[in-house]
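The values are calculated or read from the model by the stated rules, or taken from the named source; none is laboratory data. Owing to the predicted nature of the structure, the values given are computational and were not obtained by experimental measurement. Because the Cβ atoms are built from the backbone with ideal geometry, glycine has one as well, and the counts that use them run over all protein chains shown. These area figures cover heavy atoms from the full protein model, side chains too; ligands, DNA and RNA do not enter into them. Shrake-Rupley method; radii C 1.70, N 1.55, O 1.52, S 1.80 Å.
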Amino acid sequence: MFRLFTQPARILRRARRFALISSLWLCCTALSATSLPASNPTLDHWVRSTLDSWDQQVQLTYPELVALTYRQAAFHNFWRDRQGEPSAAARALSYELQPWLALDHEHPYIRRYRELDQLLTQPMTDLRPRQVQAVDLLVTDLFFRFQQDLLSRYWTRYDQDQDHGITNPYERWDQFPDEVVPTDLAAVFPEWLRALNSGNLQRWVEARLASTRPVAHLYQPWRQAFDQLDALTGQPWPQVDVDLAPEQAHAQVRRLAEQLIALRDLSADYQPQLVMPPLPATPQLIEPASDFSALSVSATTQPATPESEPQIEVAEAIYLFDAPLASGLRRFQQRHALPVTGHVDEATRAALNRLPEERRRILAHNLRRLHHLPQELQARHLMINLADQQLEFIEHGERTLAMRIIIGRDGQRTPIMNQWLTSLVLNPLWNVPNSIAKDRIFPRARSNPEYLASRDYALVQGWHTPARFVNIEDLPDDAFTSGNQQYRIVQKPGRFNQLGRAKFRLSNQQAIYLHDTPYRQFFSQAQRDISAGCIRLEESARLVDALLAPSRHWTPERISETYASGEERYIRVFPRVAVYLMYWTAWVDDQGQIQWREDIYHKDQLSYSSAIQQLANPSDPPANPNPARS
């Protein structure tokens, strides 16, 4: 290795180590030669000799792509100027990396991104021009690896749940294609190469970064919010450790005001009302046996010893918890889904005292989860935030409808999915899951012959049309067991039906769908993660009306008549509607405010062990990083 100044040398050693760790990954994700121009030995030699001018042990993951890229760019540098200073493209890529760097310090891919960021930002003015170009080649290779991670949807795998298996494997949705399909560098690189113009390298880099970003109208304000939090990190964060109420006078009122101003819940020009100025700082010898319990809020002091110097006791100024401060606190509580009381209690204190670094990390995870969405959303779609337990119906950019929902409980979590609303069912039959039929309903029916009829249940054999109803006396002893699954229980439409009056079928094989419910009382709860995985709707009738509003055939009168008939009716919805089941614990609302919710599904984290497994078995999906809690 060349004798460089210490920091770049250490960066080089780390980059080389990551290249060696990734050798197996490279073998399994190597780009197909058929998608690239023919190999050029002279060009390959130029890449190798340039790297050797810096360090002979450096190995690239994509040497062929790097060679073709620099030939197309007339061998200009992308990331450094001739003096070794970072270019505008380097600053753009470094900016793009920042949310990823906030995710997890130990994840091996994040460590690789950190090495890339250091190579981008570290001045290398002591290097010769060819050594600068060697660093440029290495950065381009790492840039391609970063883009490959995004193209392959690597980071969305950490949100996969194993709570629900395949229940209808023969269901096909060919007329409803997936909106989000992982790809790789091989598929997009020919287009990238054609777009490269040696005179617009910065513009080319920015276009590549934009092509792998999530949906723009969500990503941009969220990213601005991330920058606001980033500006607060690394600074002392005041802590409030007492309960406070409006009209109360206390020294820690000022700390509360500082927190709310920094988090933009209180005007930057707000000044708390001073009730009592700080006491003069006068030397005072404090005896070891002094009783400190009666002192007012004051600076921390240590008990004196016979040899100690006199200690200075300084009492803090006292401020009034006035109406503007209470109003700012109520805004803060609303943004955190806390009881909006205007009082500082234990839960509010915990949210207030959360460090900006932690807020930044949480928002970074939500930026990561934006990659579950397609880059362009369907004109008509349901946007469901599982963490907020809310549904919105969006039509051509406008919110048509919003309502509360109930989601899957611990161990039966509602999964993150991009779906299509395949059909709407009025007066649906409920096909009781086999486990519920076997463990809860069938035993009761055996002991009480009237139980099934009293709850509108019926026994059915097979999946024939029309249904073959059977009597409980005709069932064999092994009914509903693994050895005999030809029988099932259905619940007829009516007041007992668990699906209520409407079911909204989705394009998945896990039997996850939306439905009405007869149990309205649960929607008043703050936390509504109580279902078996499906989503219960607070106002299903309004959603039915909104979905069918474009139809001239399904008038409100006909919908009412269908409800009244009690007969099950399947309806196709046109224009078709996408359903996005997302999980956001932090996001920016329409007013530009950051909203925060509890991480009830524990997805604001990465699994280090899963990342190591992925390096060893790159063709396999990672182990479930969020196992159901026992």
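Restricting attention to region 81-93, which residues are open to solvent by 10 Å² or more (accessible area, probe 1.4 Å) and farther than 15 Å from residue 203 by Cα?
Once the filter is applied, which keeps residues that are open to solvent by 10 Å² or more (accessible area, probe 1.4 Å) and farther than 15 Å from residue 203 by Cα, region 81-93 yields 81, 82, 83, 85, 86.
On the given criteria, is residue 51 open to solvent by less than 20 Å² (accessible area, probe 1.4 Å), out of contact with any Asp or Glu (no Cβ under 9 Å at 6 or more places or on another chain), of a type outside the set (Gly, Ala, Ser) and part of a helix (DSSP H, G or I)?
yes
Name the single residue, out of those in region 475-492 being of a type in the set (S, T, N, Q) and open to solvent by less than 30 Å² (accessible area, probe 1.4 Å), that is nearest to residue 433 (Cα to Cα).
The qualifying residue nearest to residue 433 (Cα to Cα) is 491.
From 293, 308, which residue is at pLDDT below 95, more than 30 Å from residue 600 (Cβ to Cβ) and assigned to a helix (DSSP H, G or I)?
The conditions single out 293.
Need the failing condition index for residue 465 against (1) modelled with pLDDT of 85 or more; (2) hydroxyl-bearing (Ser, Thr, Tyr); (3) over 42 Å from the mean Cα position of the chain (by Cα); (4) farther than 17 Å from residue 494 by Cα, just the number.
(1)
Only one residue in 177, 123 is without any contact (Cβ under 8 Å) to a residue 40 or more places away in the chain, assigned to a loop (DSSP other than H, G, I, E, B) and closer than 16 Å to residue 54 by Cβ, so which one is that?
Every option except 123 fails the conditions.
Within region 319-334, which residues are of a type outside the set (S, T, N, Q) and crowded, with 20+ Cβ neighbours inside 10 Å?
Those that are of a type outside the set (S, T, N, Q) and crowded, with 20+ Cβ neighbours inside 10 Å: 319, 321, 325, 328, 329, 332.
For residues in region 212-236 being in a loop (DSSP other than H, G, I, E, B) and of a type outside the set (Gly, Ala, Ser), which is most open to solvent (accessible area, probe 1.4 Å)?
Of the residues in region 212-236, the ones in a loop (DSSP other than H, G, I, E, B) are 212-215, 233-236.
Those still in the list that are of a type outside the set (Gly, Ala, Ser) too: 212-215, 233, 235-236.
Numbers: 212: 13, 213: 72, 214: 11, 215: 6, 233: 29, 235: 104, 236: 126 Å².
Per the stated criteria, the residue is 236.
Would you check if residue 121 is touching a strand residue (DSSP E or B) at 6+ places or on another chain (Cβ under 7 Å) and open to solvent by 10 Å² or more (accessible area, probe 1.4 Å)?
So residue 121 passes the test.
Taking the stated definitions as given, is residue 506 crowded, with 22+ Cβ neighbours inside 10 Å and within 14 Å of residue 425 (Cα to Cα)?
The answer is yes for residue 506.
Could you check region 474-510 and list, in sequence order, the residues that are outside any strand (DSSP E or B), among the polar types (S, T, N, Q) and within 30 Å of residue 160 (Cα to Cα)?
Across region 474-510, the qualifying residues are 482, 485, 498, 507, 508, 509, 510.
Out of (1) under 28 Å from the mean Cα position of the chain (by Cα); (2) under 30 Å from residue 595 (Cα atoms), what's the single condition that is false for residue 184?
The one condition residue 184 does not meet is (2).
Please verify whether residue 239 is assigned to a loop (DSSP other than H, G, I, E, B) and open to solvent by 10 Å² or more (accessible area, probe 1.4 Å), treating the condition exactly as stated.
When the stated conditions are applied, residue 239 passes them.
Quickly run through region 400-453 and pick out the residues that are more than 13 Å from residue 532 (Cα to Cα), in contact with a strand residue (DSSP E or B) (Cβ under 9 Å, 6 or more places away or on another chain) and assigned to a loop (DSSP other than H, G, I, E, B).
Matches in region 400-453: 416, 427, 428, 429.
Collect the residues in region 380-392 that are under 20 Å from the mean Cα position of the chain (by Cα) and assigned to a strand (DSSP E or B), keeping them in residue-number order.
Within region 380-392, 381, 382, 383, 384, 385, 390, 391, 392 meet the criteria.
Exactly one condition in (1) of a type in the set (Asp, Glu); (2) within 30 Å of residue 347 (Cβ to Cβ); (3) under 32 Å from the mean Cα position of the chain (by Cα) is not met by residue 206; state its number.
(2)
Which residue pairs have Cβ atoms closer than 7 Å, lie 6 or more positions apart in sequence or on different chains, and pair a first residue in region 458-474 that is open to solvent by 100 Å² or more (accessible area, probe 1.4 Å) with a second residue that is modelled with pLDDT of 80 or more?
As it stands, the answer is 468/460; 468/461; 468/462; 469/458; 469/459; 469/460, since those pairs meet every condition given.
Any chance region 129-141 includes a residue that's part of a helix (DSSP H, G or I) and among the basic types (Lys, Arg)?
Yes, the conditions are met somewhere in region 129-141.
Could you grab the pairs with beta carbons closer than 8 Å, sequence gap of 6+ or different chains, first residue in region 218-232 and closer than 22 Å to residue 372 by Cβ, second one open to solvent by 40 Å² or more (accessible area, probe 1.4 Å) and small (Gly, Ala, Ser)?
221/592
Among the residues in region 133-149, are any open to solvent by 10 Å² or more (accessible area, probe 1.4 Å), among the basic types (Lys, Arg) and touching a residue at least 24 places away in the same chain (Cβ under 8 Å)?
Taking every residue of region 133-149 in turn, none turns out to be open to solvent by 10 Å² or more (accessible area, probe 1.4 Å), among the basic types (Lys, Arg) and touching a residue at least 24 places away in the same chain (Cβ under 8 Å).
Just need a number here: residues in region 377-404 that are under 13 Å from residue 577 (Cα atoms), aliphatic (A, V, I, L, M) and open to solvent by 10 Å² or more (accessible area, probe 1.4 Å).
4
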